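A.B. asks: The structure is given below, and queries will be raised subsequently.
The values are calculated or read from the model by the stated rules, or taken from the named source; none is laboratory data. Worth saying up front: this structure is predicted, and the values here are computed from it rather than measured. Using ideal geometry, Cβ is built from the backbone for each residue, glycine included, and neighbour counts are taken over all protein chains shown. Side chains are part of the model used for accessible areas, which takes the heavy atoms of the whole protein and leaves out ligands, DNA and RNA. Shrake-Rupley method; radii C 1.70, N 1.55, O 1.52, S 1.80 Å.
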Amino acid sequence: MKEFNVLNKVKDYKNLYELTDEELSQLAQEIREYIIDVTSKNGGHIGPSLGVVELTIAVLKTFDPAIDKIVWDIGHQAYAYKILTGRKEQFKTLRQYKGISGFLKIKESPYDHFGAGHSSTSISAALGMRVAKDLKGKDGYTVAIIGDGAMTAGQAFEGLNHAGWLDPSKFIVILNDNQMSISRNVGAIYRYFNKIITNEVYQRSRQKFKDVIKKVFGESGAKFARKLEEYAKGLFAPGVIFEELGFTYIGTIDGHDLQDLEQTLLNVKKMRGPILVHVITQKGKGYKPAEENPTPFHGISPFDKITGTPFKKAKSKPSWSKAFGEALVELAEKDKKIVAITPAMKEGSGLTEFAERFPERFFDVGIAEQHAATFAAALAKEGMKPVASFYSTFLQRAYDQVIHDVAIQGLPVVLAIDRAGLVGEDGPTHHGVFDISFLRTIPDIVISAPKDWQELRNLLYTAVNSGKIFAIRYPRGNVIGEKQEGFEEIKIGSWEKISEGRDIAILAVGKYVQKAVETKEILKKSGFNPTVINARFIKPLDESLLKEILKDHKYIVTMEDGALNGGFGSAVAEYITDNLYSNLLLRFGIPDRFIEHGKIELLEKDLGLLADQMAEKIKRFLSQENYKVVG
């Protein structure tokens, strides 16, 4: 590791107590340098983590994660925490195959008290831990650290509401506000007010006053006194909503003032009831490119440390996300009923141009997948053509709304499912491998997957004009094939025969159609000649073509970039069984386990999903059946 004067002396958070204020400031700077150095090579969520270095140091100086439960929302903010909880050397392997995760994982460290890759779970998790501590009579605090973006999700407020009702002590929520989306920091008056309300004398007097009021005037008098306090606080601070939910609001605090942070947290530890501490930080703090342009540095691929520019791989084709966004813009130019919806993923989903061209028809609803689905359903009810773009992993959060609000009512919503399949370095919390399985059980839904660029365009055109709930799933990475001018409608439920063969048929979904073609070329060298089918519709199946295939081919192989349990291969197996066919079936896909992080090709190799690996397994499968190659 680079020679850092202070960081190299720090083994873990216990050493923080040995450092002077000057050394702690130097440590914060060196941690930032280390994060920048590692993420420039490995990629990662650099912006959020750079913003919370001082906050992390202050939390670890005030609380002991061996006793206290510290729950970070997602893991975007937790790089400094990893470094200071015994993973300093391992941090170099961040997001690498067999290295440490970019998120928090309870299996990775005893200090990762709750794993998370999806947002807004920290308050609920920390509250559950607080209640468990109380029930077991265990000491210690529970602390949830949540970003302002995550506060746009309903679950965060569900947790706050329940905590306010339970009124637990030693329960602290730290709101890391790095966008000033809740309030503006108005300076000295906030700091002065905070010093008053966190002062131990003030808090002791406040509590005694509340006790006296309650004793003399009863519960109604105590409520009236609290209302007066909230009114007074509301003149100065933006925390009334939290006070109404039952929290004592402390804010705002300069998230880069170590001494002020530490003193505030020490004072807060002496207070009773649930506390919310509102901290203002700067996303990308200490790295000029990230400070000036924070959005791309939220999560970024490897980049040049000097300029902050991502290293560009030689490529001539756009990503699937960009291709989707461009096609949607073309369609929206001609159809004013088309609207686009995203839960806080405008850039990632390729919708930036749509938002600029059609701002009145673009809706970024924040991290609110449930709302996005119901909002889309209502738009469809009123005659619009909503296209709701979700990452596959985040669509899981809207499952009830897709069934209850969209499908049961037969409302024509297009679900554009981005990042379907393995996604690489973000790992098990982000792999989009479950959508086929959980959507396939929904009556009347259409589920599709394009094999290439033009088929994505054609499926989108078909979807927005279908009058059906219509899902289109496409992977991370660059498109396959080329695009043509315009669009063509595809008959719903129709498959495409890519090549004719004999005895063996490979039915492939999405990008695995290309793998099927490659697998065939390998098999042909050994005398096998399978038929290759583009099963672009996962539901409904092309029963007409499937019957023909089952009649003419004894051996059926399915390939998909989703879970085998309940996936496309399962649909084919069900059809074979239910219709009393005797064909033999071999399925390729994601097995019944959570897949770790790493480059997609390495993960596929580990799973036996490279073309040469699948070809070998097919040959073994056929040899067990004494299949005779016809030369």
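A.B. asks: Tell me which trypsin sites (Lys or Arg not before Pro) from the stretch 530-631 have a DSSP coil assignment and no more than 14 other beta carbons within 10 Å of their own. Please report the intermediate quantities before stating the final value.
C.D. replies: Details: sites: 536, 547, 551, 554, 587, 593, 599, 605, 617, 619, 620, 628; in loops: 536, 593, 599, 628.
In loop regions of the stretch 530-631 (DSSP not H, G, I, E or B), the sparsely surrounded trypsin sites (Lys or Arg not before Pro) are 593, 599, 628.
A.B. asks: Going 7 Å from the Cα of residue 131 in the Cα-to-Cβ direction, what parts of the stretch 147-168 have a backbone nitrogen less than 17 Å from that spot?
C.D. replies: Residues passing the 17 Å test: 155-168.
A.B. asks: With everything on Cα atoms, drop me the angle between helix 611-624 and the longest principal axis of the chain, reported from 0 to 90° to the nearest 10.
C.D. replies: 60 degrees
A.B. asks: Restricting things to alpha carbons, find the Rg to Rh ratio for the chain using the Kirkwood radius for Rh.
C.D. replies: On the way: Rg = 27.6 Å, Rh = 26.8 Å.
Rounded to two decimals, Rg/Rh equals 1.03.
A.B. asks: Same structure, new question: From the phi angles alone, apply the Karplus equation (6.51, -1.76, 1.60; θ = phi - 60°) to the stretch 483-493 and give each ³J(HN,Hα) in whole Hz, x where the residue is Gly or Pro.
C.D. replies: 10, 10, 6, x, 9, 10, 6, 10, 4, 4, x
A.B. asks: Under 1.5 on a/c is rounded, so check that first for the stretch 89-171, then, if it is not, pick prolate when a/b is larger than b/c and oblate when it is not; a ≥ b ≥ c are the square roots of the alpha carbon gyration tensor eigenvalues.
C.D. replies: Oblate, because a/c is 1.5 or more while a/b does not exceed b/c.
A.B. asks: Could you check how much of the accessible area of the stretch 19-74 is carbon and sulfur, as a whole percent, using a 1.4 Å probe?
C.D. replies: 46 percent
A.B. asks: Ratio of the stretch 375-429's C-alpha Rg to 2.2 N^0.38 Å, to two decimals?
C.D. replies: 1.27
A.B. asks: Provide the per-residue ³J(HN,Hα) series for the stretch 359-373, in order, calculated from phi with Karplus coefficients 6.51, -1.76, 1.60 and θ = phi - 60°, each as a whole number of Hz, with x at glycine and proline positions.
C.D. replies: x, 6, 10, 10, 9, 9, 8, x, 6, 8, 4, 4, 4, 4, 5
A.B. asks: Now, a different point. Please list the non-local residues whose amide H lies under 5 Å from the amide H of residue 539, H modeled 1.01 Å from N, same-chain partners needing a gap of 5 or more.
C.D. replies: 447
A.B. asks: Which three extents, in angstrom, do the Cα atoms of the stretch 431-544 have along their principal axes, listed largest first?
C.D. replies: Reported extents, whole Å, longest axis first: 46, 34, 32.
A.B. asks: Quick one: angle between helix 21-42 and the longest Cα principal axis of the chain, in degrees between 0 and 90, rounded to 10, please.
C.D. replies: With both axes taken from Cα atoms, the answer is about 10 degrees.
A.B. asks: Could you work out the mean projected area of the convex hull around the alpha carbons of the stretch 3-110, in square nanometres to one decimal?
C.D. replies: With every direction weighted equally, the projected area is 6.3 nm².
A.B. asks: Quickly rank 495-502, 265-272 as a protection proxy: mean count of other C-beta atoms within 10 Å, highest first.
C.D. replies: Answer by packing, highest mean first, reads 265-272, 495-502.
A.B. asks: Roughly how many nanometres apart are two label points built 7 Å out from the Cα toward the Cβ at residue 578 and residue 465?
C.D. replies: Label-label distance for residue 578 and residue 465, simple model: 3.0 nm.
A.B. asks: Calculate how steeply helix 200-234 sits against the longest principal axis of the alpha-carbon atoms of the chain, using the helix alpha-carbon long axis, and give the answer as 0 to 90 degrees to the nearest 10.
C.D. replies: Result, in degrees: 90.
A.B. asks: I would also like to ask the following. Leaving out ligands and nucleic acids, note down the accessible area per residue over the chain with a 1.4 angstrom probe, in whole Å².
C.D. replies: Per-residue value: 43 Å².
A.B. asks: Once you've got the Cα coordinates, tell me which of 2/288; 313/599; 61/305; 69/107; 14/138 are over 26 Å apart.
C.D. replies: 61/305
A.B. asks: Near residue 336, within a Cβ-to-Cβ distance under 15 Å, what is the net charge of the other residues, with Lys and Arg +1 and Asp and Glu -1?
C.D. replies: 0
A.B. asks: For the stretch 234-308, just the Cα atoms, rotate onto the principal axes and tell me the three extents in Å, largest first.
C.D. replies: Rounded to whole Å, the extents work out to 48, 25, 22 Å.
A.B. asks: Give me the net charge of residue 9's neighbourhood, meaning all other residues with Cβ under 9 Å from the Cβ of residue 9; Lys, Arg count +1, Asp, Glu -1.
C.D. replies: Its environment carries a net charge of -1.
A.B. asks: I've got another one for you. If you add up the charges near residue 569, with Lys and Arg at +1 and Asp and Glu at -1, over every other residue whose beta carbon is less than 12 angstrom from its beta carbon, what do you get? Could the numbers behind the result be given before it?
C.D. replies: Working: positive: 440, 587; negative: 560, 561, 574.
Result for the neighbourhood of residue 569: -1.
A.B. asks: So what is the calculated 222 nm ellipticity per residue for the chain, using -39500 (n - 2.57) for each DSSP H run with n of 4 or more, over all residues, to the nearest 500 deg cm²/dmol?
C.D. replies: Helices in the chain give a 222 nm mean residue ellipticity of -12000 deg cm²/dmol.
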